[in-house]
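This is the structure I want to talk about, given as structure tokens.
The values are calculated or read from the model by the stated rules, or taken from the named source; none is laboratory data. All values derive from a computational prediction rather than experimental measurement. Neighbour counts run over all protein chains shown; Cβ positions are idealised from the backbone, glycine included.
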Ligand code: SF4
Ligand code: SF4
């Protein structure tokens, strides 16, 4: 019985890695749909590009699914996970995680200012700047793609697990905002939102969950609060799967909702 449960756990992480790996393989083709530069280029002419639509979709998606995209689908997350075997040290979260807002806020203000200058939203073109919907189709795009991938990879290698998620990711603030919206909506109605719930009384403080957390969160401390609601939790499920006491589990609704 125990072995069956163990196999189920291993299967979940295998499936997650396969999905993230496939996304990474497709990344040269999907690159522009995650780009922060393409929206700025489009905004000059008032065009809503594919990546703007993807960012807005992820904002809405995260209201119900938290940051599950970051661990299960994001190709840039998968790039960083490649370093996990060689670089196990945690990212210094003290101030580092705030850097992403210094990237995101000026970018957002610039984007809105450009749309305003263009006289507002003029048109929608999901495939803007792509060729037949594909992103990396010429040498310049291939060079930019390589630089971006190497940047994400090196940051993680130099500064600890998922360093780029913490520090430079321009997409994560959209999802963090979605999580806050979700929290506010739950004060009015019991909407479903994927999260982690805990049974603190069963915790034996072994620290395995904390060691396994790719986002370097103090999981052991978070467990004490009954829900793990941290804005940087990417719902990878590693803590759920390594805990021998079944202290942490996925859930949709909260007891208080
Ligand atoms: S792995 Fe489980 S038992 Fe160990 S510290 Fe984390 S929650 Fe507690
Ligand atoms: S707290 Fe658990 S689910 Fe969230 S990022 Fe850390 S290991 Fe993954």
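Kindly provide the set of residues from the range 204-227 that are modelled with pLDDT of 90 or more and in contact with a strand residue (DSSP E or B) (Cβ under 9 Å, 6 or more places away or on another chain), ordered by number.
Result: 209, 217, 219, 222, 223, 224.
A follow-up question, please. Name the residues in the range 197-213 that are under 10 Å from residue 239 (Cα atoms) and buried (at least 22 other Cβ atoms within 10 Å of the Cβ), would you?
209, 213
Looking at 221, 225, 246, can you tell me which residue is over 30 Å from residue 52 (Cβ atoms), within 15 Å of ligand 1 (Cβ to nearest atom) and touching a residue at least 40 places away in the same chain (Cβ under 8 Å)?
Of the residues listed, the single one that is over 30 Å from residue 52 (Cβ atoms), within 15 Å of ligand 1 (Cβ to nearest atom) and touching a residue at least 40 places away in the same chain (Cβ under 8 Å) is 246.
A further question on this structure: Looking at residue 171 and the list (1) within 16 Å of ligand 1 (Cβ to nearest atom); (2) closer than 16 Å to residue 80 by Cβ; (3) touching a helix residue (DSSP H, G or I) at 6+ places or on another chain (Cβ under 7 Å), which single condition is not satisfied?
(1)
Now for a separate question. Considering 63, 53, which residue is part of a helix (DSSP H, G or I), touching a strand residue (DSSP E or B) at 6+ places or on another chain (Cβ under 9 Å) and away from ligand 1 (no atom under 16 Å from the Cβ)?
On inspection, the qualifying residue turns out to be 53.
Let me ask another. Is one or more of the residues making up the range 104-116 in a loop (DSSP other than H, G, I, E, B) and touching a residue at least 40 places away in the same chain (Cβ under 8 Å)?
no
State whether one or more residues within the range 236-251 are more than 14 Å from ligand 2 (Cβ to nearest atom), over 23 Å from the mean Cα position of the chain (by Cα) and assigned to a helix (DSSP H, G or I).
Within the range 236-251, not a single residue is more than 14 Å from ligand 2 (Cβ to nearest atom), over 23 Å from the mean Cα position of the chain (by Cα) and assigned to a helix (DSSP H, G or I).
Follow-up. Which number in (1) modelled with pLDDT of 95 or more; (2) buried (at least 20 other Cβ atoms within 10 Å of the Cβ) marks the one condition that residue 23 misses?
The one condition residue 23 does not meet is (2).
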